[in-house]
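Notes follow once the structure below has been shown.
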Amino acid sequence: MATLIRSDLEFILQQILIAEAQAAGADPASLVPNAFAPFGLRTVDGSYNNLMPGQSEFGAADNPFPQLVPQTYSNEQDDAFAGITNTDYGSAGNVVDADPRLISNLVADMTSNNPAAVSAFVAAGLGTLDAAGVLYDLQGVVIPPGTLLEIPNTSPDEGLSAPFNSWFTFFGQFFDHGLDLVNKNSTEMIFMPLQPDDPLFSTAPGAPNFMILSRATRDANGDQTNQTTPFVDQNQTYTSHPSHQVFLREYVLDANGRPVATGSLLDGTDGGLANWAQVKAQALMLGIQLDDADVLDLPPAGDGPVRQVHSRSRDRLRADRAARRRRRRAAGPGRQRARLGHARRAPRRQRGRSHRPCLPERHRACRGARVRGRRAGARQRLGRRPLGTRHL
């Protein structure tokens, strides 16, 4: 456990005072010696992480993915399925494309049907391949097609590093969810017909033999929007929007029956993470009725008192999010809410790909409540969230 001395606490308090001044309407650039000084607290949505003129939204949530090269959409014109013939990703509507499933199968296929698996098997010295492409084991016995090959778990640097395990997969998935989250389209889909050799292909009469994937939503300029902050800031734990944090904090009713934040995370009854049912029950305490349709797109809770929100369409919620972003830009830095956060880092290259978002019960609430402008409250909140600084 870290031991804090008086100078540490004074430094922490100074950062909170800077954040309070920013929340009160001061220009954050005027509160620090220069744009590169590691002072102040991180905003929830990543705005004003960059204090250079005209760059306050760099790396903030709800902004288009930056394009390093011109957009190019494939149109292979090699697939058709159930009357769907459009293969142009640059056009609107449904698209048919078998390639995503084929690629997935090739990556996961460790049988002798996969040339990459055969190559790794032979390179490991576990078998031989003759000029005709026939695979043999070390005893000279032919390995038939479809045989699962045992490939050594060796790192790419010739085994100098430790081999991979499932924790590497779990960490990679968790880490990736903190970099980008693209808006999903509820009406435009990618249809992926299954090939006859696909493990999921069925010969039963009427079997669908296809998979679907939601397309990313594009704005008027054809860009995809990143719902989260691309910084390595644990937003998959603490979220990228104050409204989301409302649902992940723990509240109790005071003597007057009013909900009061305890400053703790919303935990489950068994001491672990809260599940979706417990998140809905807590929201109802705040006067917000969540529907199961909100599990992947929580409604906004507002900047003032929490307001009643019933089931609403995702399109309306996204429109509200865009409107809040416009109001925030028009109002200036005074509308921002600061939080204690991890050290700021330069944005990693963002990728405009689509993946499933983390479910709300997988997130954790911010350990530090919003900066309220009261020093006593600020001091009480110290130690509830890892400290963070600002830098480019």
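Any read-out appearing in this document is the output of simple, stated calculations on the displayed coordinates, not a laboratory observation. Because the structure is a prediction, the values reported are computed rather than measured. All Cβ positions, even for glycine, are placed from backbone atoms using ideal geometry, and neighbour counts span all protein chains on display.
A few notes on this one:
- Out of Leu213, Leu298, sole residue that is surrounded by 18 or more Cβ atoms within 10 Å (Cβ to Cβ) and not aromatic (Phe, Trp, Tyr): Leu298
- Candidates are the residues of the range 1-60 that are in contact with a helix residue (DSSP H, G or I) (Cβ under 9 Å, 6 or more places away or on another chain) and acidic (Asp, Glu); the one that is nearest to Leu179 (Cα to Cα) is Asp45.
- Restricting attention to the range 27-48 and to residues that are of a type in the set (Val, Ile, Thr) and part of a loop (DSSP other than H, G, I, E, B), the residue that is surrounded by the most Cβ atoms within 10 Å (Cβ to Cβ) turns out to be Val44.
- Some residue of the range 62-69 being in contact with a Cys (Cβ under 8 Å, 6 or more places away or on another chain) and part of a loop (DSSP other than H, G, I, E, B): no
- Elements of type helices (runs of 4 or more DSSP H) contained in the range 227-287, each with 1 or more residues being more than 25 Å from the chain's Cα centre (by Cα): 276-285
- Evaluating Val134 against the criteria (1) free of Cβ contacts under 8 Å to residues at least 40 places away in the same chain; (2) within 38 Å of the chain's Cα centre (by Cα) leaves one unmet condition, (2).
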